[in-house]
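Take a look at the structure below.
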Amino acid sequence: MGVIARYREHLPVGPETPEVDLNEGSTPLVPSRNIAGALGLKRLFFKYEGLNPTGSFKDRGMVVAVAKALERGSRVFICASTGNTSASMAAYAARTGARAIVVVPSGEIALNKLSQALMYGAKVIALKGNFDTALETVRDLSTNYPVALMNSVNPNRIEGQKTAAFEIVDELGDAPDYLVLPVGNAGNITAYWKGFREYRAAGRATCLPRMVGAQAEGAAPIVQGHPVANPMTVASAIRIGNPASWEGATSARDESGGMIAAVTDTEILSAQIRLANTEGLFAEPASAAPLALLFRLVREGKIDKDATTVVVLTGSGLKDPDAALKNVQPPIELDGDARALAKVLKL
Ligand code: F0G
């Protein structure tokens with residue numbers, strides 16, 4: 001079952017809305033086995049969004065945005081993307097026979113995200129400049145040409161993405177105390193906050209979480225309080241200097257009593273490896289940013305250790321093999337028999 005079928009009564013869909021799904025959503029909330037203990041946290045969970053059909057949380061919002069665009073009669077979809085949105089949009093366009101145009105910052109997106117968009121049959125334009133330029137360009141294009149804009153400025157994306165908050169509440173029985181997630185274009189933090197508030201208003205939860213957002217230090221406009229002209233970080237998914245949902249993010253932060261803070265690339269990559277090494281969860285660098293922030297908050301004594309914390313792992317580690325391979329030892333090359341192998345392994 002996809003998110004539209006599972007949460008229909010909370011979504012802007014009706015009898016006229018075409019049925020679209022790839023069985024997205026319903027991702028596991030994985031309890032920490034090792035990191036929680038090491039940090040002295042009572043309850044820590046990972047919402048493993050990398051298990052969505054195209055490997056990121058984007059599928060939740062894309063399925064709703066595509067269904068609504070088809071309902072309106074649109075057959076050409078466009079987005080700017082750091083990679084995951086384009087992969088998701090291309091997949092749902094392929095499934096529904098629509099045309100997909102994706103505009104990505106030239107040379108800046110992870111290899112497997114690009115391969116996904118191309119395999120799903122999208123027309124891919126690698127535009128010179130960064131994500132912010134790409135978004136500005138597609139927004140401009142979509143106001144003058146008959147193409148449906150599928151970035152998270154499309155409110156139907158936010159509607160679909162809020163279902164992740166519903167799932168967490170459904171599984172835990174209430175909202176967690178902290179929800180920690182990466183912030184790039186800021187659609188997702190906006191969507192989670194909307195979801196938690198709506199679910200509480202519907203009587204499905206009694207409390208609201210503190211929303212804790214992580215940006216990368218070289219791409220931290222919200223933390224710095226002004227746009228960043230040349231955002232730089234290894235976490236290419238959140239290499240964004242002027243988030244479209246800026247206000248949604250600051251409202252979520254302020255209304256929830258949370259925070260948005262920046263972590264360094266070194267902290268991100270070490271959190272990514274620790275997550276893979278000690279929990280068996282492989283997430284892309286952007287998804288490791290919130291865990292890096294959690295490590296820091298625990299060090300600084302800024303997290304209540306008896307609380308329930310959920311860290312959102314937004315995308316699969318398989319998306320970005322280059323980032324991962326830079327930080328591990330390469331395989332040992334060997335030409336030999338079992339004895340030679342045993343010797344190399346020091347068995
Ligand atoms: N994590 C991953 C893996 C992402 O791909 C993104 C955004 C984010 C976090 C941040 O979410 O933008 O809602 O604050 N990726 C977009 C894209 C920008 O084009 O795929 P956000």
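Quick note: the coordinates plus some simple rules give every number you see, no bench work behind them. Computed from a predicted structure; not experimentally measured. Because the Cβ atoms are built from the backbone with ideal geometry, glycine has one as well, and the counts that use them run over all protein chains shown.
What longest range of the chain stays clear of loop-exposed trypsin sites (Lys or Arg not before Pro) (DSSP non-H/G/I/E/B, at most 15 other C-beta within 10 angstrom)? Intermediate results must be reported in sequence, preceding the final value.
Details: sites that count: ARG33, LYS42, ARG72, ARG75, LYS128, LYS302, LYS305, LYS326, LYS346.
Between the exposed loop sites, the longest stretch runs 129-301.
What is the sum of charges around ALA110, taking Lys and Arg as +1, Asp and Glu as -1, for the other residues whose C-beta is under 13 Å from the C-beta of ALA110?
Numbers: positive: LYS113, ARG239, LYS319, LYS326; negative: GLU108, GLU284, ASP320, ASP322.
In short, 0.
Around MET62, with a cut-off of 10 angstrom between Cβ atoms, what is the net charge of the other residues, counting Lys and Arg +1 and Asp and Glu -1? Don't skip to the end; give the middle numbers.
On the way: positive: LYS58, ARG60, ARG157; negative: GLU24, ASP59.
Its environment carries a net charge of +1.
If you stretched the chain out fully between LEU345 and ALA126, how much longer would it get, using 0.36 nm times the residue separation minus the C-alpha to C-alpha distance? Working shown, then result.
Values: separation 219, 0.36 × 219 = 78.84 nm, distance 4.45 nm.
Here the segment from LEU345 to ALA126 would lengthen by 74.4 nm.
Greater than 24 Å separation of Cα atoms is the criterion. Which listed pairs, LYS68/LYS162; LYS47/LYS68; LYS68/LYS194; LYS47/LYS128; LYS113/LYS194, meet it? Show your work: numbers first, answer last.
Numbers: LYS68/LYS162 16 Å; LYS47/LYS68 26 Å; LYS68/LYS194 19 Å; LYS47/LYS128 34 Å; LYS113/LYS194 28 Å.
The answer is LYS47/LYS68; LYS47/LYS128; LYS113/LYS194.
Efficiency by 1/(1 + (r/R0)^6): what FRET value for ASN277 and LEU325, r their Cβ-Cβ distance, R0 = 25 Å, to the nearest 0.05?
Computed FRET efficiency for ASN277 and LEU325: 0.95.
For the chain, the longest stretch holding no GluC sites (Glu not before Pro) located in a DSSP loop with at most 14 other Cβ atoms within 10 Å is which?
Details: sites that count: GLU16, GLU19, GLU300, GLU333.
Longest site-free region, per DSSP loop and neighbour criteria: 20-299.
Local charge sum around HIS10 (other residues, Cβ-Cβ under 11 Å, Lys/Arg +1, Asp/Glu -1)? Spell out each step's value before the answer.
Details: positive: ARG6, ARG8, LYS162, LYS194, ARG204; negative: GLU9, GLU159, GLU198.
Neighbourhood net charge equals +2.
At a Cα cut-off below 16 Å, give the lysines reachable from LYS42, other chains included and same-chain residues fewer than 8 away excluded.
List returned: LYS302, LYS305.
How many percent of all Cα-Cα pairs in the chain sit more than 26 Å apart? Please report the intermediate quantities before stating the final value.
Working: 27970 of 60031 pairs.
So the portion of pairs separated by more than 26 Å is 47 percent.
Classify the range 58-154 from the C-alpha gyration tensor, please: rounded if a/c falls under 1.5, else prolate or oblate depending on whether a/b exceeds b/c. Each step should come with its number before you reach the end.
Numbers: a/c = 1.78, a/b = 1.23, b/c = 1.45.
The shape class here is oblate.
Label the range 11-74 by shape, choosing from rounded, prolate and oblate, from the square roots a ≥ b ≥ c of the eigenvalues of the Cα gyration tensor; if a/c is under 1.5 it is rounded, and otherwise prolate applies when a/b is larger than b/c, oblate when it is not.
On the way: a/c = 4.38, a/b = 3.42, b/c = 1.28.
Prolate is the answer for the range 11-74, as a/c is 1.5 or above and a/b outweighs b/c.
Can you show me the helix-derived [θ] at 222 nm for the chain, built from DSSP H runs with n ≥ 4 at -39,500 (n - 2.57) apiece and divided by the number of residues, rounded to the nearest 500.
So the helix-based figure for the chain works out to -12500 deg cm²/dmol.
Is the C-alpha gyration tensor of the range 205-323 telling us rounded, prolate or oblate? Criteria: a/c under 1.5 is rounded; beyond that, a/b larger than b/c is prolate, otherwise oblate.
Details: a/c = 1.70, a/b = 1.06, b/c = 1.61.
It is oblate, given that a/c is not under 1.5 and a/b is not larger than b/c.
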